[in-house]
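Worksheet: one structure, shown below.
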Amino acid sequence: MSSYYRLKCPKCQGPMKVRASTEQHVFLRVMYLQCQYVPCSWSVRAEFQMTHELSPSGQPNPAVSLPLAPSALLSKARQDNRDIANNNQLDMLDAQEASA
């Protein structure tokens with residue numbers, strides 16, 4: 001699979017092209033990139049890794065699981081707290097964040 005990966009060459013700022021890629025794991029892909037500016041032609045091996053889930057999938061697969069991102073955990077905790085609190089109750093997470 002060769003395609004332009006929207007990444008600039010750190011050597012010359014030219015566009016990089018994915019020359020090849022292989023799946024190492026469901027969350028890890030190794031890619032080989034090359035600068036398309038011919039006088040540069042810098043080549044590099046890169047890794048693309050999925051590390052955290054930001055929002056749940058509409059088609060969950062129990063065999064594929066990533067930890068929630070810290071921001072997603074905080075957002076979920078706030079929503080859970082709002083769901084169980086009445087309108088007159090102080091949101092402790094918002095109060096804690098405001099004092100930090």
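The values are calculated or read from the model by the stated rules, or taken from the named source; none is laboratory data. On a predicted model such as this, the values are computed, not experimentally measured, just so you know. Neighbour counts are summed over all protein chains in view; Cβ atoms, including those assigned to glycine, are modelled from backbone coordinates with ideal geometry.
What are the pairs, 6+ residues apart or on separate chains, where a residue within the stretch 18-45 that is on the phi > 0 side of the Ramachandran plot has its Cβ under 7 Å from a residue that is surrounded by 12 or more Cβ atoms within 10 Å (Cβ to Cβ) and in a strand (DSSP E or B)?
Final answer for the pair search is Ser41/Gln34; Ser41/Cys35.
Are any residues in the stretch 26-52 over 21 Å from the mean Cα position of the chain (by Cα) and small (Gly, Ala, Ser), and if so, which ones?
Correct list: Ser41, Ser43.
Please find, within the stretch 44-84, the residue that is nearest to Val18 (Cα to Cα) out of those that are hydroxyl-bearing (Ser, Thr, Tyr) and either assigned by TED's automatic domain parsing to the domain that holds Lys11 or in a loop (DSSP other than H, G, I, E, B) (or both).
As a first pass, look at the stretch 44-84 and keep what is hydroxyl-bearing (Ser, Thr, Tyr): 51, 55, 57, 65, 71, 75.
Filter once more, keeping what is either assigned by TED's automatic domain parsing to the domain that holds Lys11 or in a loop (DSSP other than H, G, I, E, B) (or both): 51, 55, 57, 65.
Details: Thr51: 21, Ser55: 28, Ser57: 27, Ser65: 27 Å.
Per the stated criteria, the residue is Thr51.
Consider Ser55 carefully, then state whether it is within 13 Å of the chain's Cα centre (by Cα) and small (Gly, Ala, Ser). Write out each step before concluding.
Numbers: within 13 Å of the chain's Cα centre (by Cα): yes; small (Gly, Ala, Ser): yes.
Against the criterion (within 13 Å of the chain's Cα centre (by Cα) and small (Gly, Ala, Ser)), Ser55 qualifies.
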